[in-house]
Structures are given as C-alpha cells and as structure tokens.
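Shown next, in structure tokens, is the structure this report addresses.
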Amino acid sequence: MLNLSRFFSVTAIGIFLSLSPCLGAGIVTSLRFGLNHPDGQYASSDTVIVSVEPVKDYPNPLEVAVFENGVMTRVEKIGVITSPRVVFTDVRTGPVAVMLEFRPEGTFPERIPMNLNPSEDAIRIGYVINGSAFEPGFQTPKDLKRYWERQIRHLRAKKTTVMSKPVTIRGDGIECFDVEVSALDTVPVRGYVAKPKDAREGSLPIIIQLHAAGVSGDWCKAHAQVAADLAQNGAIAFDFNAHGMLNDADDAYYKTLEEGPLKNYSIRPITSRNSYYFRKMILRAIRALDYITLDPAWDGKTIVLLGESQGGAQAVALAGLDDRITDVVINVPAMIGNGGYLQGRNDAWPWPMEYNGVDTPTSTRLNVDTSILTEKNARKAKKVAPYFDGALLMRGSKARFLVEIGLVDTTCPPSEIFSGLNGVAGDIQVISSPYRNHWSASIPEPYKAWWNENVQDYRQDYIKKLLNL
C-alpha cells in the first residue's frame, strides 16, 4: 500500500529553502524558493504554490520553464524579485510530475540539458500531483513470470562453487571474507561477506548492498569495510559488485574493463532477451541471494536490500522475483519505467528505447548515435525491454519499500518510479526531495544539510530498526 509520507515538517525546513552556489551563481545565491508542501507531494486538485524570497539583490527578470513528465510545455515570464511573493501556482488532478526551471529572462538554451551545469545561473524545483495514479507505459508480457522462472531454474541447475578467504577489517567482533560464487558463465559473483563472530544459528537477518552504474568508480566496487560496518548492526552483510569484477584490484584493472569488455554496457543494442546485459546482472544477484541464505546464522526471515540507481534496479528485480525479500531501501532507483514514452513521459536510465532507435520524448535530450541503429533494433527493443522493466518486475511484491525520489531527477524520473511503486502489494514509504536530481552531491545548501538529517539519517535509523525486528 502506497504511503506518500510527508515527514518533511515545515518547522524543520521552513516554507523557503536557502540555496547554495553549487547549482549556479546569481539565482541560487540570491533567491530562496519554496513550496507550500515542502516534500513536493500533492493530492489531486491540491493547490501548488511556489514562492520566492530575495536574500540578495538580483536585478534580472526571471522566466520559468515548465516541464510536465519530463517534457517542456511552456515558458512563463516572472519579472524581477524585489520582495517575497508567489511566482507560480498550479491546480490539476494529475497524475503529473512537474519540474520548474528558473533562469534569467531570455537565457533559455535551444536544447535543454538533462542536468544543469554547475556554472549555469538556474535552479530547478519539482513536485508531483496524484503520484499514486501513475501506471507503467509497457503492458506486462504474458510470459514475464515464466521467462524469469526458466532463467532462475537454469541458474540453479548449475553447480555452485565457492572460493572464500578472510580479510582484515577495522573493528572488533566482526569477521569478513572475500568471496567468489560461480554463476551462469565465467563471470561469478564477487564481493565481501561479513557477520558477527560466533553468531548463533538462526539469529541474524541478512542485508545486501547493491551497486550503482559504472565500472571504475569507487561507488561501483564492493568494499570489505562497508560489509563489516553493515554487519555491526547485527546482520549477515553481503556487498557485491554488479559486474563480477575482482575485488580490490588495482586501478588499471578496472580501467581496462571500462574501456574494453564493459565499455558502454548499459547502452548496447538489444538483440534478444537472453543476450541483454542486464539479464546476467540480475541472475548474479539471484545467485548471491541463494548463496547468502545458506548461511546457518540467517534467521530465515529478514532480508534487506540496499541500493541506489542501478543498485535500486537490482533490488527491485530481486524483490519482484524472489518472495524471500522482506525489505527494500533504495534511492533514485533506475530501470523503472522504460515504457513511459508510450504515455508521453520521459523514460528512465538506461534508456533502452532511445539507444535502440525508438523515438521518445527523451530522445532529443540524449546524445544517441543513431547511425548504427535500424528499424530492426527498435522492433527488438520494444519486445525485449518490458522483461527488464522494474515497473513490471516489482508488481505484486509483498516486500516493504522505503524509496527516495528526486523530483528534479531526469535520469530516473519521478513519474516512472511512481508507476512501478503503484503496483507493489507491500507497504511503501516515499521520501521525495524537491531539489534532488540524480546526484545527491549536487543538492544545494542548506537543503543538503537538511537532507542529510531528514533523509540520510532517517534512512540509517530505518535500516537499524529493520535489522532489530
């Protein structure tokens, strides 16, 4: 059941949010923008009120571009802000995800970028009306469940081999292992498992960390200390990377993968369900889950998944494909709503439609090399992509979800995440962040400080409570 949580209290954040230079110069440092619902969530027919207060002189008249479900629909003139006033209002039934982009009058570029450049004199704020009414663009394939059941049976028919060696971590009372678990092919699951020493049989929940997109970045790799820190909560923790890469190798190894075997892995042309890159990524996650649940210390009840972006996509797939998952805690999850274009909405990363020649509202905002694409690519993509769309995979999941949605996220659009959550059978909490795009590091101050307290800290406390159920 969807619970559009509004724990963004006005007393904590205020009607206005001060913004820092991290998203630009003049507008960001001179003006304070705010919503009458600080969490950016509105019911059908609610009145949306956007107000602005000057904190420094800003002599330039403003314009605002209005984006509805990712598509720019109009530009309105606002004028010079010399005193606090309302600059935008909206009332409608929805469902609609709206992003407002404020710039000096006459400066909107012909091609609106997916994300703002830090040097641009602009700011974005987002809100959602009637988010609980969004539906996926794709229809669920009739054989979706049968397809994945066959894939998982095939995986489980393969003999599992495990290599494990102890590693040194900081802190007492935790043991940690570098593990390698065979999967479907020569690419295994690789990561770190940690748990309290001398844990009693049947005493510990499981917590699994899943990783965001990329290859060589630090965020793409499993870390022994991350697993150990998670285990300190009284859990069996598994931190494994998405690609089956070696653990703790030198930088040259990861760069070689990034420029070689894993180059452009997310946007490769789709030829079939069985050759699509994300099939094996999901199946490796299934294998990791099967392996970790064999630990005698598992309590047989609780399995918590953590993930951001691509990590959220893996978590959503696991929650939809395996009833053992009890809890999912994810931020700006990817791969949900790749069929949004059929409803006139922007699609989600990794944009399999766009990168296979399908014209969508997102196409003009991506640098797609269409010279290698054919109508055949597009036909195949339309058939294959629904089998990997989190909006369909997660339908009917009975797991509990805590999901952060960035309301100015153009990589994983709010409309598409809601379209998936609305099909979940379990309880859902949504934390919406009106100024958050896909990268939390670019959230402006002091909203970033508030975000750390009310989103990051809330999430950490939430996880601790789950592990002590």
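Data table
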{"quantity": "HN-Hα J in Hz across the range 210-227 - Karplus 6.51, -1.76, 1.60, θ = phi - 60°, x for Gly and Pro", "calculated": "10, 10, 6, 5, x, 10, 9, x, 4, 5, 8, 9, 6, 9, 4, 5, 4, 4"}
{"quantity": "Relative contact order computed over the chain (Cα-Cα under 8 Å; 6+ residues apart), in percent", "calculated": "17 percent"}
{"quantity": "Separation between Cα centres of the range 109-158 and the range 24-74, rounded to whole Å", "calculated": "25 Å"}
{"quantity": "Nearest-0.05 FRET efficiency for residue 246 and residue 198, computed from C-beta distance (R0 30 Å)", "calculated": "0.50"}
{"quantity": "Of all accessible heavy-atom area on the chain, the percent that carbon and sulfur account for (1.4 Å)", "calculated": "50 percent"}
{"quantity": "Options 86, 30, 336, ranked by Cα towards positive dipole end of the chain, top entry (Cβ charges)", "calculated": "336"}
{"quantity": "Distance between modelled label sites at residue 272 and residue 324, nm, 7 Å Cα→Cβ extension", "calculated": "3.0 nm"}
{"quantity": "Overall form of the range 395-469 per C-alpha gyration tensor (a/c, 1.5; a/b vs b/c)", "calculated": "oblate"}
{"quantity": "Length added when fully stretched, residue 44-residue 92, from 0.36 nm per residue minus Cα-Cα", "calculated": "16.6 nm"}
{"quantity": "Under 5 Å, built H, 5+ apart or other chain: amide partners of residue 402", "calculated": "328, 329, 330, 429"}
{"quantity": "Solvent-accessible surface (1.4 angstrom probe) belonging to residue 154, in square angstrom, nearest 10", "calculated": "90 Å²"}
{"quantity": "Solvent-accessible area per residue, Å², over the range 352-418 with all protein chains present [probe radius 1.4 Å]", "calculated": "36 Å²"}
{"quantity": "Ratio of Rg to Rh over the range 419-462 (Cα coordinates, Kirkwood Rh, two decimals)", "calculated": "1.05"}
{"quantity": "At q = 0.22, 0.23 Å⁻¹, base-10 log of I(q)/I(0) for the range 266-348 (Debye sum, equal scatterers on each alpha carbon)", "calculated": "-1.13, -1.19"}
{"quantity": "Scattering curve values for the range 219-285, log₁₀ I(q)/I(0), Debye with Cα scatterers, q = 0.12, 0.18, 0.28, 0.29 Å⁻¹", "calculated": "-0.42, -0.80, -1.24, -1.27"}
{"quantity": "Residues of the range 142-189: accessible area per residue with a 1.4 Å probe, Å²", "calculated": "66 Å²"}
{"quantity": "Net charge dipole size for the chain [Lys, Arg +1 and Asp, Glu -1 on Cβ; Debye, nearest 20]", "calculated": "1580 debye"}
{"quantity": "At q = 0.05, 0.11, 0.14 Å⁻¹, base-10 log of I(q)/I(0) for the chain (Debye sum, equal scatterers on each alpha carbon)", "calculated": "-0.19, -0.90, -1.37"}
{"quantity": "Rg(Cα) / (2.2 N^0.38 Å) computed for the range 330-469, rounded to two decimals", "calculated": "1.17"}
{"quantity": "Electrostatic dipole magnitude of the range 140-281 [Cβ: Lys, Arg +1; Asp, Glu -1; Cα centre; debye, to 20]", "calculated": "1020 debye"}
{"quantity": "Per residue accessible area in Å² of the range 32-114, where ligands, DNA and RNA are left out and the probe is 1.4 Å", "calculated": "44 Å²"}
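The values are calculated or read from the model by the stated rules, or taken from the named source; none is laboratory data. The structure presented is a predicted model; accordingly, all values stated were derived computationally and were not measured. Every residue, glycine among them, receives a Cβ derived from its backbone with ideal geometry; neighbour counts consider all protein chains shown. Ligands, DNA and RNA are excluded from the accessible area calculation, which covers all protein heavy atoms including side chains. Shrake-Rupley method; radii C 1.70, N 1.55, O 1.52, S 1.80 Å.
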